[in-house]
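The values are calculated or read from the model by the stated rules, or taken from the named source; none is laboratory data. None of the values given here were measured: they were computed from a predicted structure. Virtual Cβ from ideal backbone geometry, glycine too; neighbours counted across all protein chains shown.
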Amino acid sequence: MTNAPLVDRFARRITYLRLSVTDRCDLRCTYCMPERMEFLPRADVLSLEELQQVVRAFIARGVTKIRLTGGEPLVRRDMIDLVRALGRELGPKAVDGSGLEELTLTTNGTRLALFADDLAAAGIRRINVSLDTLDRARFASLARRDSLPQVLEGIAAAKAAGLKVKINTVALKGINEHEIPDLIAWAHGQGHEITLIEVMPLGEVEGDRFDHYLPLDAVRRALESRWTLSTSDARSGGPARYVDVAETGGRLGFITPLTSNFCEGCNRVRLTATGQLFMCLGGEAQVDLRAALRGPDPEAAMADAFARAMGDKPERHNFVIDRAGAAPALPRHMSMTGG
Ligand code: SAM
Ligand code: SF4
């Protein structure tokens, strides 16, 4: 099997895999999924062994960074076994010095207090925790579950375990809009970075996202009237742009898929829990790695699937968030491709 790096038609090298390990979740964030979300039969989801096999194939083809996501990754039953197994892939390979440089995780934090020590012991150094509000009642209404105390406990446990925590906050008009400065001040006060994200039109939900779409250029202007923001050169290898906030002494990121496009430097692909490889969060192009893995000649089939994937990766996404009543830009939920 070839070990050639994965490079797409636009000469972008693919070094970052976002791996959704389950579509299930213990919360029901209103912008992400409906209350009665239908989850996949377990047999459709890649097994621990299949995930290891697929990850090894990506590492052999030059992937250096993997982010585990979901659904909620920490609700998967064998999650810690998986993290331990993938953690053993970290470090340069004896043959050519390439290899997995970073294993990381995006979580809603509800089960983090249980697992923070295990994650750190397995080699995870940084995690992203999604948190849209510090108000318990607002959390309960936004996530449809009263879990803020567990999330805060989880974030504290992660810090105590030595994990670097980044908070991700979806900015929502009329919901957490006025709380954003408090969230930033709180995160920076705890020593965490925080990144704001625009809501994206992915998957059917109850209600209309357009009602709550908040462009981040407006948020940034509002913050500038209160604080001194200076553009930072920091890059995380992802789509966020950063500023330093003089008054809080912390770093603030903005991810703006709708108000600006960040595709030219894209280095990533996304694998769903059922092994569908998506080349773009905002596109339909996909190849079926599960069929390749479960077929008679997995190595050849994976090589073929990778070649097709690189040929299909689109130049850019084309999100538009539309007026009330319009269908989402894409039918699949963020919980499928993991954000
Ligand atoms: N359950 C984990 C969590 O919430 O962190 C991981 C998966 S979740 C799908 C990953 C990220 O996607 C979260 O930060 C969440 O807020 C964000 N997200 C979900 N649906 C979104 C949407 N329609 N637009 C923008 N961000 C969304
Ligand atoms: Fe679950 Fe994360 Fe979606 Fe919220 S954003 S419902 S925590 S997958």
Practice task
Only one of these is more than 20 Å from the chain's Cα centre (by Cα) and either surrounded by fewer than 20 Cβ atoms within 10 Å (Cβ to Cβ) or not hydroxyl-bearing (Ser, Thr, Tyr) (or both): 302, 279. Name it.
Solution key: 302
Handout entry: Test: residue 67 is basic (Lys, Arg), crowded, with 23+ Cβ neighbours inside 10 Å and either away from ligand 1 (no atom under 16 Å from the Cβ) or closer than 30 Å to residue 297 by Cβ (or both)
Key = yes
Completion exercise
Scanning region 102-133 for residues that are surrounded by 15 or more Cβ atoms within 10 Å (Cβ to Cβ), within 20 Å of the chain's Cα centre (by Cα) and more than 16 Å from ligand 1 (Cβ to nearest atom) gives 102, 120, 122, 123
Practice task
Taking residue 22 as meeting all but one of (1) in a helix (DSSP H, G or I); (2) touching a Pro at 6+ places or on another chain (Cβ under 7 Å), write down the number of the exception.
Solution key: (1)
Practice task
Say whether the condition of being more than 16 Å from ligand 2 (Cβ to nearest atom) and either in contact with a strand residue (DSSP E or B) (Cβ under 8 Å, 6 or more places away or on another chain) or modelled with pLDDT under 95 (or both) is met by at least one residue in region 67-76.
Solution key: no
Problem - Pair list, Cβ < 9 Å and 6+ apart or interchain, from region 47-69 residues that are closer than 17 Å to residue 102 by Cβ to residues that are of a type in the set (Phe, Trp, Tyr) and surrounded by fewer than 20 Cβ atoms within 10 Å (Cβ to Cβ) - result: 63/16; 64/16; 65/16; 66/16; 67/16
Completion exercise
Looking across region 134-187 at residues that are of a type in the set (Lys, Arg) and touching a helix residue (DSSP H, G or I) at 6+ places or on another chain (Cβ under 6 Å), the single one that is farthest from residue 72 (Cα to Cα) is 173
Exercise for the section: Among the residues of region 195-215, write down those that are aliphatic (A, V, I, L, M) and near ligand 1 (Cβ under 8 Å from one of its atoms). Expected result: 197, 199, 200, 202, 205
Fill in the blank from the handout: Within region 172-203, residues being closer than 21 Å to residue 142 by Cα, more than 19 Å from the chain's Cα centre (by Cα) and assigned to a loop (DSSP other than H, G, I, E, B) number 4
Practice task
Within region 123-140, track down each residue that is in a loop (DSSP other than H, G, I, E, B), within 12 Å of ligand 2 (Cβ to nearest atom) and over 16 Å from residue 191 (Cα atoms).
Solution key: 132
Practice task
Those residues that are surrounded by fewer than 19 Cβ atoms within 10 Å (Cβ to Cβ) and within 28 Å of residue 35 (Cβ to Cβ), I need them from region 189-211; list them, please.
Solution key: 204, 206, 207, 208, 210, 211
